[in-house]
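*Asks:* For reference, the structure I am asking about is given below.
The numbers here are math on the coordinates, done by the rules we state, and not lab data. Keep in mind the model is a prediction, meaning the values are calculated, not measured. Note that each Cβ is placed from the backbone with ideal geometry, even for glycine, and that neighbours are counted across all protein chains shown.
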Amino acid sequence: MDENGTPSSSVYCYRQPAPQSVSVIHQGPSPQDVAVIQMQEFHVVSGPANNLQQPDYTRHEPGLFSGLVEGRVMDQLIEHGGVQGVAATLETHIQNGIDGSSEDINCRKEFFGSNSYPARPPTKGFFHYLKIEVMDFTNIMLLVCAALYLVLGIKQKGAGEGWYDGVSIFAAIILVISISATSNFRQNRKFDNLFEFNKNILVDVMRNGRRHVISIFEIVVGDIVCLKNGDQVPADGLFIEGHSLKVDESRMTAGRDRVEINHDQNPFLSSGSKIIDGCATMLVTAVGMKTSWGRLMSTVARDPKEEMPLHDQSRKLTLILGMFGLAMALLVLVRLLVGYFTGKTRDEFGNVVFTGSRTKVDDLINSLVDITFTAVVILVVAIPGGLSLAINLTLAHSTKRMMADQAVVRNLSACEVLASVKTICTDMKRIIAANQIMRVPRFFVGADSMEGRSYTSIAANVLELFFQGIRHTSAHVHNFFPVTPIDETIRSWAVLRWNMEMENIRQFSILNVKPSCSESWRIGISLRNQADNRIHLHWKGDADSILPLCSHYYDSSGNMIALSNVERGRFLEIIVQMASSRLRCVAFAHRQLSEDEYENEAANQGIPDTNLILLALLGVEDHCHPGIREAFQICRRAGIHVKLVTSENVSRARAVVLECGILSPGEEVSERLVVEAEAFFNYTEDEQRLRVGDVAVMAMSSDEHKLKMVQLLQKENGHVVAVTGDCANDAPTLKEANVGIAMGAQSTEVTKQCSDIIILDDNFSNVVKVVRWGRCIRNNIQKFSQFQLTANMAFLVIYTVTILSSGNAPLTIAQLLWVNLIMDTLGALALATDKPTKALMKQPVHQAGILITNIMWRNMIAQALYQIVVILTLKFKGESIFGVREEVVATLIFNSFVFCQVFNLVSARKLEEKNVFAGMLKNRWFIVITWIIVILQVILVEILNRFAHTQRLKWKQWAACIGIAAFSWPFDWLIKCIPVPDTPAISLLF
């Protein structure tokens, strides 16, 4: 990297060899309360597994330290030699961790147990869902009727032919039950896998002197775990070292929501608690079921399938259609019974079926079963049972595919809410690319620019303090925190451009560290100089947050000058100039204290952050994420307002806005669009309500301002708001938002727990992809709803009119069951698995949050009317039109109705677009299901005609059936030309 921080060919390497022999101190009480120091040596063994000696810790009981954390008795810990003694017993190096070889890990898992607990309830097998389907009341009714059909048929017609009707009905019922059970089983397995994935937490551990990121389930007793603000404690353990560590134990112990952890009084860390401040390393002493958290979690069952609002709407819709279907079924039942007992019902030869006392008992029972079966099937077909399957199916498919776009769903209901998002509040991290090459083009010591000058132009004392700040706010802190790109850029620039050396670290010991997790980046560290015991305070962070803490500054000659209002104004001008040039201004400050002064001030505020001396200002050049401008353009077309809520000053926010294109083309950066948070919230409540919709950028904002803005958008303006974040400070806002999105693999565990969706990188473009997935899920559910409700309406009207007018059903029972299978299960499989398309983000969502929109009502009513007209025409005029007998007309009706559903399946793919074929070949499920329906229909008509009660058709008759159904496509094209109002037609019902 050159003097500006750009890459060069220089390479710096470092390696810390794993110690082959480590001395560990045991400290325990003697009868005279004198510490007895013992030395124990252990070795890292390498070589074949069969040559490994049994570890010393296996001589003890596996649960030796299991109760240590739960009991929280310091005397018991001292008996074991303190933390050092426990580490020695577990053969753990206190800094480098365990050996980490596969043999060592497996041995520890086998001896101490794994960090997992049995899942409750266990994953349900296929037969569980099969049993649910079989025990469904309507299916029981169908199976009983089918059994009666089979028995009566054999009794009347003999075993040779009497079994056809009963077996065909049994086969249709079993097919419906099996497919439904299989679909539910597969979808629930996907939900279970998603739930298990969400339980997986990534943890930083030290093994063999190196830092590793592993799954929480891979932690073993003896591991050294690195903890930071926002993390969840992954196992029971003991505090080794750290700074300002406070944990929230309210999940484990009522009332203890802020507990301080230290060496002297409370070094115990309980599994399941949350780090709310500070950082530390921890020695794991118990895992899994050996911890109280593990035992608690093994008894808690959480259903991974949360209720979605669409589930509630679909239940209301199912209830209404079920009541309507019940009324139609009762009407048909009464009509058929009256017609039967009054002698108006005739058989296929024209003979009266019921002849009073001359009617045989078997014939009477058979007729009554037939009538009852018909009414039951009408009720079964009328109820849209496939809606729930379609919702679960599209959720299962979509959540699995979203992982390919680096998105993990934690709350399933958020998938639906995403479709209705109107506002996204994000911060600067989602816009700026952290992994892009950074430079340091501007450098000020005091008010003096160092551009073009060498390190000899800076006073030696100032330069050394500046280097001291760079070294210690990165190298040491990163034992607990991951290295950030901006830290690496500054450190490399200081080494290459200003000859900074990294060897002077060990003369200082760390007293305390104060990391900042909010977007207002600031890190503080207090150090003790081993040579003179003087205390040095170093602060690094955004210049806007560091400058107010300073009372003096150093100039390049080494003079310390009081920071007057005039001088402070000069520094503010420098900061604004850097920000206007789209540079991130980083400040370094220092203060030296005596030990007494430090103890007095640290007792009140941790690391003192007042009366600092400003050392330097750096301008770091960063870049926007590739594709960020296009992402904002997509949001504008989709009717989504993006609001940048940042802690940075107005000048830098304005510069970033101009580069990334967050504003509409031609829109000027005005005070109406770019505001300071403090000024905005000084407005009256009425002014805030009027202005909040126009705000595109809120600068100089805190976490509290961000939360207030979200609440204002939700409650006063009725917006559905999504919020991005990655720090523990973002957790309240993520929880308040309609959709909380945790960003980046380094998101804290608190942030993830409060979020609905986790995106594994910091790019805002992936937020747009997630919103597109939300719209896709909603669109898939609506497509199937339109398809099924169209078929339901057409079926009910056709069946009711036919039976009331003629007394004969247009379809047999087996045919009805086949139609029901198409309408419910196969239709859901075909329509609920479409992938998102770019067209979903080309316009705002109409009637967000409503399952059945006006557009869908238009399409459904038109298609249902078309099917009703053509089928009833065939029923009453089919013999004269085709010149065939009644049995062939019945097959034509059945064939035409099924093909109407096939062609309507294609039409339902596009709710608004006229080109219903766009992207059809990309969904292999749709193609496969459609062809399965067509092939099975041909088999039912041409081969299994005895089972399906059909007649073989000539090719002209086949062409007529297909032509009747195909005409629904141009009819659908014409219908979509009719505009619909925006106001929901039946919002009170659905």
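*Asks:* Would you mind checking which residues have amide H under 5 Å from Arg207's amide H? H placed 1.01 Å from N; only 5 or more apart, or other chain.
*Replies:* The list, which skips near neighbours in sequence, is His212.
*Asks:* Ordered by packing density, taken as the mean number of other Cβ atoms within 10 Å over each peptide's residues, highest first, how do 391-398, 577-584 rank?
*Replies:* Ranking the peptides 391-398, 577-584 by packing returns 391-398, 577-584.
*Asks:* Right, another one. Would you mind putting 909-919, 239-249 in packing order, based on average other-beta-carbon counts within 10 Å, highest first?
*Replies:* Going by the mean number of other Cβ atoms within 10 Å, highest first, we get 239-249, 909-919.
*Asks:* Here is a further query. Relative to the present Cα-Cα distance, how much length would full extension add between Val167 and Phe111 at 0.36 nm per residue of separation?
*Replies:* Values: separation 56, 0.36 × 56 = 20.16 nm, distance 5.86 nm.
Taking 0.36 nm per residue and subtracting the Cα distance, the gain is 14.3 nm.
*Asks:* Give me the one-decimal nm value for the distance between modelled label points at Asp448 and Lys246, 7 Å along each residue's Cα-to-Cβ direction.
*Replies:* Distance between label points: 4.2 nm.
*Asks:* Just to be sure I understand the model, the point goes 7 Å from the Cα along the line to the Cβ. What's the resulting Trp955 to Ser102 distance in nm?
*Replies:* 6.5 nm
*Asks:* Another question, if that's okay. At a Förster radius of 25 Å, what calculated FRET efficiency corresponds to the Cβ-Cβ distance of Lys877 and Ala966, to the nearest 0.05? Don't skip to the answer; put the middle values down first.
*Replies:* Working: r = 20 Å, r/R0 = 0.80.
Given R0 = 25 Å and the Cβ-Cβ separation, E is 0.80.
*Asks:* Through the Karplus equation 6.51 cos²θ - 1.76 cosθ + 1.60, θ set to phi - 60°, convert the phi angles of region 362-369 into ³J(HN,Hα) values in whole Hz; use x for Gly and Pro.
*Replies:* 4, 5, 5, 5, 4, 5, 5, 5
*Asks:* Set the Förster radius R0 to 30 Å, insert the Cβ-Cβ distance between Gln265 and Asn565 as r into 1/(1 + (r/R0)^6), and round the FRET efficiency to 0.05.
*Replies:* Efficiency, from the Cβ-Cβ distance: 0.05.
*Asks:* Also, I was wondering about something else. Loop-only chymotrypsin sites (Phe, Trp or Tyr not before Pro) in region 943-982, please: DSSP not H, G, I, E or B, and at most 15 other Cβ atoms within 10 Å.
*Replies:* Sparse-neighbourhood loop chymotrypsin sites (Phe, Trp or Tyr not before Pro): Phe967.
*Asks:* Sticking with this one: Need the list of lysines near Lys514 for cross-linking: C-alpha distance under 24 angstrom, and skip anything on the same chain fewer than eight residues off.
*Replies:* Lys228, Lys246, Lys274, Lys429, Lys540, Lys706, Lys752
*Asks:* Applying a 10 Å radius around every beta-carbon, put 354-362, 526-534, 619-627 in order of their mean neighbour count, most first.
*Replies:* Descending mean neighbour count gives 619-627, 526-534, 354-362.
*Asks:* Under 15 Å from the 7 Å Cα→Cβ point of Gln592, by amide nitrogen: which residues of region 543-568?
*Replies:* Under cut-off, by backbone N: 553-555, 558-561.
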